């Protein structure tokens, strides 16, 4: 069976929409970011959902980029790479959060507490090692990548412009969480979830107008396009 750009784009659209819905759902009644929460089954379930969300979002934004790589240009490529790096590292940190931290609660509660505090945007009292750098790069990739990629898509006029703008504003707006109470953490994530749903739906509908070009040809075209810039 030949994998076509149309079929891939539809799959990417569905992935983005589902990622957005999960991102919104996990914010509802989210438990407090404490050591006690890490030891619960709910913590594992919610963070497992976040693992799936990050993976689906990465697939979704890849489909968005390949659908409009000529229109978004180098700016879009930079935004995609930054946002992709953010979601890839988010995937890794959520795997650690879901499947590693619960086993460390009784062995190293202080470290777990410091890591949870840092993940929530706070200042840990102890040393969390390389995770401090990982969390910082994840945040930069997510915020700056979302802004640049969202602006590039807005200018390209291929996918829904409102959703593209919401992605740009929603991601960069998380900078304000450094100055806001922790209670703002969950509501601030909702706009990005809505943006992913909107962009995913737009990408799915847009796929109908695509040619059934084989996937390898499309990827090759994207690589050549930017290699000659």
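Of the residues 56, 81, the single one that is within 19 Å of the chain's Cα centre (by Cα), closer than 22 Å to residue 5 by Cα and surrounded by fewer than 17 Cβ atoms within 10 Å (Cβ to Cβ) is 81. Restricting the stretch 112-139 to residues that are in contact (Cβ under 8 Å) with a residue 60 or more places away in the chain and assigned to a helix (DSSP H, G or I), the residue that is farthest from residue 37 (Cα to Cα) is 119.
Comparison of 146, 139 shows that the only residue that is surrounded by 21 or more Cβ atoms within 10 Å (Cβ to Cβ) and either modelled with pLDDT of 95 or more or within 13 Å of the chain's Cα centre (by Cα) (or both) is 146.
For residue 74, the stated conditions hold: it is surrounded by fewer than 16 Cβ atoms within 10 Å (Cβ to Cβ) and assigned to a helix (DSSP H, G or I). Within the stretch 160-189, the residues that satisfy the criterion of being at pLDDT 90 or above and either crowded, with 23+ Cβ neighbours inside 10 Å or in a helix (DSSP H, G or I) (or both) are 161, 162, 163, 164, 165, 166, 167, 168, 169, 170, 171, 172. In this structure, residue 92 does satisfy being touching a residue at least 24 places away in the same chain (Cβ under 8 Å), in a helix (DSSP H, G or I) and surrounded by fewer than 18 Cβ atoms within 10 Å (Cβ to Cβ).
Each row is one residue, and each column tells you yes or no for (1) out of contact with any helix residue (DSSP H, G or I) (no Cβ under 9 Å at 6 or more places or on another chain); (2) surrounded by 14 or more Cβ atoms within 10 Å (Cβ to Cβ); (3) modelled with pLDDT under 90; (4) not in a helix (DSSP H, G or I).
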| site | (1), (2), (3), (4) |
| --- | --- |
| 8 | no, yes, yes, no |
| 12 | no, yes, no, no |
| 15 | no, yes, no, no |
| 20 | no, yes, no, no |
| 24 | no, yes, no, no |
| 28 | no, no, yes, yes |
| 31 | no, no, yes, yes |
| 37 | no, yes, yes, no |
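Restricting attention to the stretch 40-49 and to residues that are touching a helix residue (DSSP H, G or I) at 6+ places or on another chain (Cβ under 7 Å) and surrounded by fewer than 17 Cβ atoms within 10 Å (Cβ to Cβ), the residue that is farthest from residue 102 (Cα to Cα) turns out to be 49.
Considering (1) in contact with a helix residue (DSSP H, G or I) (Cβ under 9 Å, 6 or more places away or on another chain); (2) surrounded by fewer than 20 Cβ atoms within 10 Å (Cβ to Cβ); (3) modelled with pLDDT of 90 or more, the lone condition that residue 156 does not fulfil carries the number (2).
The values are calculated or read from the model by the stated rules, or taken from the named source; none is laboratory data. What you see is a predicted model; the values in this text were computed from it and never measured. Because the Cβ atoms are built from the backbone with ideal geometry, glycine has one as well, and the counts that use them run over all protein chains shown.
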